[in-house]
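To start, the structure itself, in structure tokens.
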Amino acid sequence: MKKIIGTFIAAVVMSLCIPLISFAATTNNGDGTFTTSGQDANLANKVMTITVFKGNAFTSENLMYIDEFTADETGNYSITYETKEALKNGLSFTVQVASEGNLIEQKVFKLNGSTPDPDPTPSDPDDKEDDGTKEDSGKIKVDEKDVNKQLSDPKNTKVEIKAPALTDAQPKVNVEMSESVLKSIAASGRPFVIKAGEMEVTIPSQVLKEISKNSAGKMNFVMNLVKDSKVPQNGTTLSEVLEFTITVDKDGKASKVSTFSKPIEISIPVNVSAVKDAKKVAAYYVNNGVLEYVNSKYANGKVTFKTNHFSQFVVVENDITFKDLEKTWAKDYIESLASKTIIKGKTADLFAPNDQITRSQFALLLTRALNLPKKDYEGTFSDVTEKMTWNVLEIEAANRAGIILGSDGKFNPNENITRQQMATMIIRAIQYNDASVLEGVTSKASFADNASISDYAKENVGLAAQLGIINGKDQNGQQIFAPKDNATRAQAGKMLYNMLENL
């Protein structure tokens with residue numbers, strides 16, 4: 001006969017400041033397996049996560065089970081599982097159930113013979129099972145044995161650990177990695193992946209190698225929900241504000257690592273029910289009360305982006321349009337870019353899609369789209385002066401990234417940009433951001449006017465055409481590119497949008 005181990009009691013949940021939204025129970029099936037089940041209509045068809053820890057210390061050593069499952073259309077859910085270590089009488093354990101990053105239930109139980117403890121309490125603070133993490137239950141110590149097991153399997157292309165989801169009850173998770181584990185993963189050339197509920201962080205091996213080289217001790221990767229944070233925008237906030245930090249031990253002191261030579265990839269779950277237009281959903285860097293767009297993609301209920309620096313991030317959907325876009329073929333492209341704060345109108349209501357665009361204006365758009373790092377004025381070009389406060393730093397940032405080169409020390413910022421110049425800047429931007437996009441792509445273009453494309457731009461135009469970033473124009477039944485025609489603001493919007501879709 002099944003033995004009821006415990007139920008998640010409303011009073012206990014409320015004491016943790018967690019709203020009770022379902023009635024759940026965990027059952028001992030008597031054959032080494034357990035079943036956790038519950039029901040709530042609000043959970044219908046939602047992906048859920050169950051996590052079981054030995055004791056109440058949320059460390060990888062104590063992690064006995066973690067998995068995802070989906071509630072049915074009525075909100076019923078039930079999952080049967082076997083822990084990696086048999087639960088014995090007198091042993092406390094914690095069961096967590098979460099959905100979309102929100103903790104639904106969390107309860108500590110203790111097995112006492114065949115009868116569950118009617119008033120279970122957390123493990124003794126001096127219990128050795130806490131493994132030195134009693135003062136911070138959100139600390140996860142990377143298990144060296146588990147890492148070595150993953151590294152010994154040639155089929156594994158990454159090293160992955162699982163951690164509890166960030167919730168109001170547990171807003172901070174600290175993944176601690178010893179020096180020996182750090183060096184082992186770094187030497188393997190494999191990325192390190194942290195899965196915290198539905199959130200996922202991938203740290204490239206190059207970053208680990210650099211940290212290992214400069215560190216003489218452990219590394220701490222901290223994920224934190226920033227409570228009471230005000231998001232400075234008029235759109236819809238689709239995620240919590242999240243802060244990420246990495247610290248390493250050096251000379252006996254902890255130092256923060258804020259920038260990285262290779263981007264770290266982060267995938268954040270969002271409130272899917274609040275999304276109205278997927279093309280306008282994006283991640284943003286919260287910089288001193290200002291939102292800065294981060295190149296990101298929304299798919300399958302998550303926003304994924306790459307960043308070369310750590311700080312606070314949030315997912316937002318803005319909805320911006322202009323009165324003169326209703327009959328414009330580029331409406332969707334422009335609205336998406338404007339909603340992501342990449343492109344702006346000539347006024348608050350007018351975009352002027354058929355107006356031409358200058359070299360400096362397009363350089364500014366590329367810098368915003370890629371969130372290129374800016375520095376103080378350097379005087380790179382003789383015709384780009386410090387008085388050009390609205391775009392001088394962006395132009396110089398694009399130059400440092402190799403996107404714009406200029407000629408004879410000049411950039412000619414106020415000249416209208418041609419279609420071949422725009423295609424060239426876009427391909428250079430892709431090379432800077434993610435050169436792997438161009439791997440295996442041929443540079444052959446089949447425009448009727450290929451011969452009129454300047455030599456410096458031929459390969460770039462071909463690559464842009466193969467990637468679907470540029471299209472030709474119909475002229476007397478033939479497709480031409482018109483490389484030396486000046487580009488319009490609408491054309492620039494479409495090319496920029498297509499570039500971002502490739503990254």
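The table below gives the values:
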{"quantity": "Residues (under 20 Å from residue 157 (Cβ atoms), open to solvent by 10 Å² or more (accessible area, probe 1.4 Å) and either touching a Leu at 6+ places or on another chain (Cβ under 9 Å) or in a helix (DSSP H, G or I) (or both)) located in the range 174-194", "calculated": "183, 184, 187, 188, 190, 191"}
{"quantity": "Single residue of the range 265-303 satisfying the filter (among the β-branched types (Val, Ile, Thr) and open to solvent by 50 Å² or more (accessible area, probe 1.4 Å)) that is modelled with the highest pLDDT", "calculated": "272"}
{"quantity": "Within the range 304-327, considering residues that are among the hydroxyl-bearing types (Ser, Thr, Tyr) and at pLDDT 95 or above, the one nearest to residue 350 (Cα to Cα)", "calculated": "321"}
{"quantity": "Whichever residue in the range 135-160 is outside any helix (DSSP H, G or I) and in contact with a strand residue (DSSP E or B) (Cβ under 6 Å, 6 or more places away or on another chain) and, among such residues, is surrounded by the fewest Cβ atoms within 10 Å (Cβ to Cβ)", "calculated": "158"}
{"quantity": "Matching residues in the range 72-116 - criterion: being part of a loop (DSSP other than H, G, I, E, B), modelled with pLDDT of 70 or more and open to solvent by 70 Å² or more (accessible area, probe 1.4 Å)", "calculated": "73, 82"}
{"quantity": "Candidate set: the range 339-393, residues that are of a type in the set (A, V, I, L, M) and outside any loop (DSSP other than H, G, I, E, B); chosen: the one most open to solvent (accessible area, probe 1.4 Å)", "calculated": "393"}
{"quantity": "Residues satisfying the stated conditions in the range 280-308, i.e. more than 22 Å from residue 335 (Cβ to Cβ) and free of Cβ contacts under 8 Å to residues at least 24 places away in the same chain", "calculated": "288, 300"}
{"quantity": "Condition met for residue 262 (in contact with a helix residue (DSSP H, G or I) (Cβ under 8 Å, 6 or more places away or on another chain), without any contact (Cβ under 8 Å) to a residue 40 or more places away in the chain and surrounded by fewer than 18 Cβ atoms within 10 Å (Cβ to Cβ))", "calculated": "no"}
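Matching residues to (1) open to solvent by 20 Å² or more (accessible area, probe 1.4 Å); (2) touching a Ser or Thr at 6+ places or on another chain (Cβ under 6 Å); (3) not in a loop (DSSP other than H, G, I, E, B):
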residue: 447; (1), (2), (3): yes, no, no
residue: 462; (1), (2), (3): no, yes, yes
residue: 465; (1), (2), (3): yes, no, yes
residue: 493; (1), (2), (3): no, no, yes
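The rows are residues; the columns are (1) surrounded by fewer than 15 Cβ atoms within 10 Å (Cβ to Cβ); (2) under 22 Å from residue 372 (Cβ atoms); (3) out of contact with any helix residue (DSSP H, G or I) (no Cβ under 9 Å at 6 or more places or on another chain).
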position: 435; (1), (2), (3): yes, yes, yes
position: 443; (1), (2), (3): no, no, no
position: 451; (1), (2), (3): yes, no, yes
position: 474; (1), (2), (3): yes, no, yes
position: 482; (1), (2), (3): no, no, no
position: 490; (1), (2), (3): no, no, no
position: 496; (1), (2), (3): no, yes, no
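The values are calculated or read from the model by the stated rules, or taken from the named source; none is laboratory data. Just so it is clear, the structure is predicted and the values come from calculations on it, not from any experiment. Positions of Cβ are backbone-derived with ideal geometry, glycine not excepted, and every protein chain shown enters the neighbour counts. What goes into the accessible areas is simple: the full protein's heavy atoms, side chains included, and nothing from ligands, DNA or RNA. Shrake-Rupley method; radii C 1.70, N 1.55, O 1.52, S 1.80 Å.
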